[in-house]
Amino acid sequence: MRNAFLLLLLLAIVFSCKKYPKKDVPTGYEQPVKTSKVNKGAVKKPKNIILMIGDGMGLTQITAGMYINGNKLNLEEFKSIGLHKSYSSSDLITDSAAGATAFACGVKTYNGAIGVDADTMPVKTILEEAEERGLATGLVATSSIVHATPASFIAHAKQRKMYEDIALDFLDTEIDFFVGGGKKYFDQREDERDLLAELRSNGYQVSTYFDKDFRTVKPTTAKNFAYLTANGEPLPQRQGRSYLIPAIEKAPKFLKKRSDKGFFLMIEGSQIDWGGHANDSEYIITEMIEFDKAIGEVLKFAKADGETLVIVTADHETGGYAINPGSTMDKIEPGFTSDYHTGVMIPVFAYGPGAEYFRGIYENTAIYEKMRAVFGFEPMSN
């Protein structure tokens with residue numbers, strides 16, 4: 001009897017170890033598939049890309065904004081999340097110019113460089129590549145439009161403070177839609193050129209804060225659109241700046257009508273960074289919450305459209321911002337290690353067709369490469 005029992009037990013063990021044919025593997029027990037890279041051919045191609053950059057936005061800035069915003073953010077809807085390495089060619093701690101140039105051009109360059117490589121040679125930006133292929137393009141920023149981040153997508157300058165030179169580059173690329181400050185760099189210039197008048201003569205619908213409130217402006221589909229929101233740098237959100245959300249409501253719809261081939265739009269929440277430089281937690285949080293509202297508006301468009309990839313990231317973290325003991329959901333007790341940028345890795349969030357391409361840990365230049373890959377761009381012939 002005992003021998004019969006042992007025989008049955010042995011048979012049970014043998015059969016329990018039998019491998020199922022692949023087609024018969026029970027659900028939940030599939031062997032993991034080893035992959036090294038995302039197959040470009042397997043990634044659904046988006047027609048449009050909206051890249052959103054929260055300047056200076058590290059994980060703590062996101063967390064503080066979330067807690068003070070009732071413990072929720074629109075960012076929580078993103079399921080594809082990665083991290084990028086933000087260092088530049090010249091420094092472990094990047095600046096916005098080198099960081100944005102990495103996104104825009106796919107090269108590591110020195111701090112202060114706008115759309116040029118480490119040898120100061122101009123490098124074509126993804127916005128310029130999109131224009132060459134007939135896509136519509138746009139820039140929106142809560143800084144001046146010639147500031148480091150937006151400038152890196154449209155201009156080529158050896159130093160970020162060459163604002164008048166950067167403004168000139170807006171006439172070399174037929175960008176379809178741009179909104180931001182910096183009016184004086186277009187019409188109060190040392191060379192006495194009026195670039196706003198030149199834009200109008202090139203078919204742009206141009207308005208400024210001096211003409212009318214942005215919320216009352218209706219872009220026409222027959223013309224490219226430009227709106228200058230301030231003579232220099234725009235106000236912080238808490239002091240009355242209000243154009244970001246209306247600009248986000250208008251930009252994707254405008255660009256979609258401008259080209260049936262798709263569009264590329266970069267949106268910057270510029271002043272999260274300025275709050276970090278000032279070591280001002282309230283400044284950071286109010287800018288972060290507004291930026292997240294902008295993310296919510298973009299997600300509304302992307303969900304309805306179905307062909308839009310949304311990427312949210314930052315160029316670097318600013319301030320070495322910390323949430324210290326004593327903090328609550330209603331009040332952050334902040335700490336700062338610096339009034340400049342820090343070198344921590346930066347989160348990347350992606351939503352829509354091709355979002356899975358942005359998971360993992362990679363260089364900041366890979367964001368450019370991944371955008372080109374999901375867009376289906378090929379090298380342009382000379």
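Coordinate-derived values only; no laboratory data. These figures come from a predicted structure and were not determined experimentally. Cβ atoms come from the backbone with ideal geometry, glycine included; neighbour counts cover every protein chain shown.
The table below lists the values:
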| read-out | value |
| --- | --- |
| K223/K44 FRET efficiency (R0 25 Å; Cβ-Cβ; nearest 0.05) | 0.15 |
| Long-range HN-HN contacts of E268 with modeled amide H, under 5 Å | I53, V140, A141, T142 |
| Estimated distance in nm for a label pair at D194 and K257, the labels positioned 7 Å out from Cα along Cα-to-Cβ | 2.8 nm |
| Gyration tensor verdict on region 51-375 (Cα atoms; rounded if a/c is under 1.5, prolate if a/b is larger than b/c, oblate otherwise) | rounded |
| Residue-span extension gain [A322 to L92] - 0.36 nm each, minus C-alpha spacing | 80.8 nm |
| Gain in span if fully extended, S242 to E333, counting 0.36 nm per residue against the direct Cα distance | 30.0 nm |
| Prolate/oblate/rounded label for region 256-376 (Cα gyration tensor, a/c 1.5) | prolate |
| Coarse-grained scattering of region 71-134 at q = 0.17, 0.28 Å⁻¹, given as base-10 log I(q)/I(0) from a Debye sum over alpha-carbon atoms | -0.67, -1.05 |
| Separation between Cα centres of region 323-382 and region 150-227, rounded to whole Å | 28 Å |
| Added length on full extension, which subtracts the Cα-Cα distance from 0.36 nm per residue, A118 to D213 | 30.1 nm |
| Unsatisfied cross-links (Cα-Cα over 32 Å) in the set K212/K370; K44/K108; K184/K261 | K212/K370; K184/K261 |
| Per DSSP, loop GluC sites (Glu not before Pro) in region 150-201 with at most 12 further Cβ within 10 Å | E190, E192 |
| Phi to ³J(HN,Hα) by Karplus 6.51 cos²θ - 1.76 cosθ + 1.60 over region 98-112, Hz, x for Gly, Pro | 5, x, 6, 5, 4, 5, 7, 10, x, 10, 7, 9, 7, 4, x |
